[in-house]
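Before we start, here is the structure in question, set down as structure tokens.
The values are calculated or read from the model by the stated rules, or taken from the named source; none is laboratory data. Note that the structure is a prediction, hence the values are computed from the model and not measured. Positions of Cβ are generated from backbone atoms using ideal geometry, with glycine treated the same way; all protein chains shown enter the neighbour counts. Side chains included, ligands, DNA and RNA excluded: accessible areas come from the protein's heavy atoms. Shrake-Rupley method; radii C 1.70, N 1.55, O 1.52, S 1.80 Å.
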Amino acid sequence: MVSALRRPRTFPTKAPARRRPTAAPAAATKKERGRNPAKAALKEPFLLALGERVRLLRARRGLTRKGVAEASGVSERHLANLEYGIGNASILVLQQVATALDCALAELVGDMTTSSPDWLMLRELLQGRGDADVRRARLALAGLFGNGHADPARSRRLALVGLRGAGKSTLGALLADALEVPFFELSREIERIAGCSIREIHDLYGTAAYRRYERRALDETVKAHPAAVIATPGGIVAEPATFNQLLGHCTAIWLQASPEEHMGRVAAQGDTRPMAASREAMDDLRRILAGRAAFYSKADAVLDTSGRSVAQSFAALAALAAELAGMHENASVA
């Protein structure tokens, strides 16, 4: 009985836990990632390039990582992750780092205008200049590189720009008849080249393909016709290179109208999609117009068709075209 009481208690035993492979310390892993090209290639290329630019800018200014961390309010560890391409920093953090490095956020993120010292010096020359000075600089550079107003046929090609519903197609066809020159709707030329509708281009190939067709249609039209009236798509300003090409080879006229008239004219053409697609269609239209107005304003002249009949708008457009032609003739004589 005594021996039974003294018998040691037994408990069910658990199977030994399976040992997991031990991972290297976090610091060593990061260090290995930074030095191992094979593993580095697995990182996001954009983050790697961003980290390289941060290190380059920090070195260019002679700042330590600790100094940048203190100036920006970003932890040194977070900054180290950013430099190694590990940290996916928020825009606010990038803005803090850019401020600490005394550079623009665009220079930190990286674009064409930050790719070399010459680009940066050009940015510095233009920074703070007014619109008139920047326009003069753009025209001077365009002329220097053969994409400017040196085209002798520029004055005989009239390009109408503006949002849909401004009257580009209607007034453009009337003006072409009056001037006895061919009329082209660039949208139709795009469809001819692509062999399908614009909607199908977007659905099948995407916006980038559409912009390529748009540039090709403009180039072919300009090359084949020294005199013409061209109605352009409203979104031609979305690709600055194409719009710059247009300004270099055509005299551009911006046809304006109020947002209400834009919408009303589109609906009158039988297209109610803008109204059906969004209850805030008018607000969307105002935002689009506000976003494009700065580009449209680079045209040689502006004509507001709001509150005017087709006959009144055409008379004003014809008079404006004659005025522009006279200005070009006087400039060439001078």
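Along Cα→Cβ, 7 Å out, is where each label goes; now give me the distance between the ones at S90 and E323 in nm to one decimal.
5.2
Still on this structure, I have one more. Can you give the FRET efficiency to the nearest 0.05 for V302 and R129, using r as the Cβ-Cβ distance and R₀ = 30 Å?
0.85
Let me ask something else about it. Please list, by residue number, every one of the GluC sites (Glu not before Pro) in the range 174-269 that is coil in DSSP and has at most 10 other beta-carbon atoms within 10 Å.
On the way: sites: E180, E185, E189, E191, E200, E214, E220, E260, E261; in loops: E180.
For GluC sites (Glu not before Pro) across the range 174-269 that sit outside H, G, I, E and B with at most 10 neighbouring Cβ atoms in 10 Å, the list reads E180.
May I have the extent of the alpha carbons of the range 49-208 along their three principal axes, as whole Å values ordered from largest to smallest?
71, 39, 25
Could you calculate the contour length gain from A316 to L139, that is, 0.36 nm times the residue separation minus the distance between their Cα atoms, to one decimal place in nm?
61.0 nm
Going by Cα centres, the range 83-97 and the range 190-232 are how many Å apart?
Here the two parts' Cα centres lie 40 Å apart.
Which percent of the accessible area of the range 104-187 is formed by carbon and sulfur heavy atoms (probe 1.4 angstrom)?
On the way: 2860 of 4830 Å².
Within the range 104-187, the accessible surface is 59 percent carbon and sulfur.
So how many Å³ per residue does the convex hull of the Cα atoms of the range 45-105 work out to?
67
Ok, one more. Rounded if a/c is under 1.5, else prolate if a/b is larger than b/c, else oblate: which is the range 67-151, with a ≥ b ≥ c the root eigenvalues of its Cα gyration tensor? Intermediate values should be presented prior to the final figure.
Values: a/c = 3.85, a/b = 2.72, b/c = 1.42.
It comes out prolate by the Cα gyration axes.
May I ask you to compute the full-extension gain from A227 to D111, defined as 0.36 nm times their residue separation minus their alpha-carbon distance, rounded to one decimal in nm? Don't skip to the end; give the middle numbers.
Details: separation 116, 0.36 × 116 = 41.76 nm, distance 3.74 nm.
Length gained, A227 through D111: 38.0 nm.
A further question follows. Taking every pair of alpha-carbon atoms in the range 175-268, give the share separated by more than 19 Å as a whole percent. Don't skip to the answer; put the middle values down first.
Numbers: 2020 of 4371 pairs.
It works out to 46 percent of all Cα pairs.
Just to be sure I understand the model, the point goes 7 Å from the Cα along the line to the Cβ. What's the resulting T170 to M282 distance in nm?
2.0
Give the cross-link partners of K223 among the aspartates and glutamates, using a straight C-alpha distance below 15 Å as the criterion and excluding same-chain residues fewer than 8 apart.
D151, E189, E214
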